[in-house]
Amino acid sequence: MIFVNFKTYQEATGTRAVELVRILSLCQSQTKIPIIPVVQAMDIRSSMIATDYNIWAQHIDGVEQGQTTGWITAPAVSQAGAVGTFLNHSEHKLLDKELTAAFAQAAAMALDTLIFAADIPELKKVMKLAPTYMAYEPPELIAAKDTSVSRAKPQVIAEAVKIAQAANIPLIVGAGVKTAADVKKSLELGAAGVAVSSAVVLADDPKKAILELAKGFKPSLA
C-alpha cells in the first residue's frame, strides 16, 4: 500500500486536493494497489463526496467534543468521512499522554490509525498501543533528494520489521521514498508499504509519479 500525505501544500489544498484524490483513485483502480490519500481536515468531506474514496486525516487531537476551540476531534473527521488518521508524524509530534489520548479517541470512533516513529525506541513505544499500522520514518531523511530510508537505513528497517511482525502490526516506511526501487527495497526488507508526500504531491505529473512507485510492487506494471 501507498499512503500519500498531502501535508499543507498548495498543490494539494481545496479543489486541487479533490483532483489529486481523483487521480489516486484512478491509479488504485489501474494498479490494484491500495493508495491512501491523507488530506487536510478541511478537505476530507469534499474529497470523499467527490470521489467516494477512502480518505484519511493527517492528525487528530486527543480531546472530546466541547470547549476545545481549534482542535481536531475524532468525531469531526469521522463524520466528515475519514476512515483513518495519522498520529505522531514528525511534523506534528505528540507527547506520550497526548498520543495515548488521541489513539483512544480514534479507537472510540473506529478510525484506523498509522502511528509514526522516528527510531527503534519510539517504535517499541508505539507498538504497545497496537495501532492498525506503524510507520518508521526518520525525520532527517524526509524530502531527501539524494537518498531514501531504504537506501540509508536498510538495517534499521529490517529491525523495525521484526518488531512490527512480533506485534502482528504491518510496518510502513517513509522518508525520501521517490522511486520504484525505493519501494521494492522496502518491501524486500519486510515492509507492508510506504508513505510518500512531495514525490507525488509536487510532481509535474502526479499520476506518472504514483504509477512509477507502483512498479515497486508489481514490475509488470512497467
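The values are calculated or read from the model by the stated rules, or taken from the named source; none is laboratory data. Bear in mind the structure is a predicted one, so any value in this text is a computation, not a measurement. Cβ placement follows ideal geometry from the backbone for every residue including glycine, while neighbour counts extend to all protein chains displayed.
Restricting attention to the range 199-208, which residues are surrounded by 18 or more Cβ atoms within 10 Å (Cβ to Cβ) and touching a residue at least 24 places away in the same chain (Cβ under 8 Å)? Full working, then the answer.
To start, the set of residues in the range 199-208 that are surrounded by 18 or more Cβ atoms within 10 Å (Cβ to Cβ) comprises 199-201, 206.
Answer for the range 199-208, where residues must be surrounded by 18 or more Cβ atoms within 10 Å (Cβ to Cβ) and touching a residue at least 24 places away in the same chain (Cβ under 8 Å): VAL200, VAL201, PRO206.
Of all the residues in the range 119-130, those that are outside any helix (DSSP H, G or I) and under 16 Å from LYS162 (Cα atoms) number 3. Note on the range 152-188: residues that are closer than 24 Å to LEU211 by Cβ, buried (at least 20 other Cβ atoms within 10 Å of the Cβ) and not β-branched (Val, Ile, Thr) total 8.
Of all residues in the range 42-66, which are under 16 Å from LEU87 (Cβ atoms), of a type in the set (A, V, I, L, M, F, W, C) and more than 17 Å from the chain's Cα centre (by Cα)? Within the range 42-66, just VAL63 meets the criteria.
Condition check ((1) of a type in the set (A, V, I, L, M); (2) closer than 28 Å to VAL200 by Cα; (3) in a loop (DSSP other than H, G, I, E, B)) across all residues:
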{"residue": "ILE60", "(1), (2), (3)": "yes, yes, yes"}
{"residue": "GLN67", "(1), (2), (3)": "no, no, yes"}
{"residue": "ALA76", "(1), (2), (3)": "yes, yes, no"}
{"residue": "VAL83", "(1), (2), (3)": "yes, yes, no"}
{"residue": "HIS92", "(1), (2), (3)": "no, yes, yes"}
{"residue": "GLN105", "(1), (2), (3)": "no, no, no"}
{"residue": "ALA110", "(1), (2), (3)": "yes, no, yes"}
{"residue": "PHE116", "(1), (2), (3)": "no, yes, no"}
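With respect to the conditions (1) aliphatic (A, V, I, L, M); (2) part of a loop (DSSP other than H, G, I, E, B); (3) modelled with pLDDT under 95, VAL156 lacks only one, and its number is (2).
Restricting the search to the range 1-14, which residues are surrounded by fewer than 22 Cβ atoms within 10 Å (Cβ to Cβ) and either outside any helix (DSSP H, G or I) or free of Cβ contacts under 8 Å to residues at least 12 places away in the same chain (or both)?
Once the filter is applied, which keeps residues that are surrounded by fewer than 22 Cβ atoms within 10 Å (Cβ to Cβ) and either outside any helix (DSSP H, G or I) or free of Cβ contacts under 8 Å to residues at least 12 places away in the same chain (or both), the range 1-14 yields MET1, LYS7, THR8, TYR9, GLN10, THR13, GLY14.
Let's see how each residue does on (1) among the acidic types (Asp, Glu); (2) crowded, with 16+ Cβ neighbours inside 10 Å; (3) without any contact (Cβ under 8 Å) to a residue 24 or more places away in the chain:
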position: GLN30; (1), (2), (3): no, no, no
position: ILE36; (1), (2), (3): no, yes, no
position: ALA41; (1), (2), (3): no, yes, no
position: SER46; (1), (2), (3): no, yes, no
position: ILE49; (1), (2), (3): no, no, no
position: ALA57; (1), (2), (3): no, yes, no
position: GLU64; (1), (2), (3): yes, no, no
position: ILE72; (1), (2), (3): no, yes, no
position: ALA76; (1), (2), (3): no, yes, no
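Out of LYS128, LYS124, which single residue is free of Cβ contacts under 8 Å to residues at least 24 places away in the same chain and within 24 Å of LEU111 (Cβ to Cβ)? Quick ask: steps written out before the conclusion?
Values: LYS124 fails: free of Cβ contacts under 8 Å to residues at least 24 places away in the same chain.
It is LYS128.
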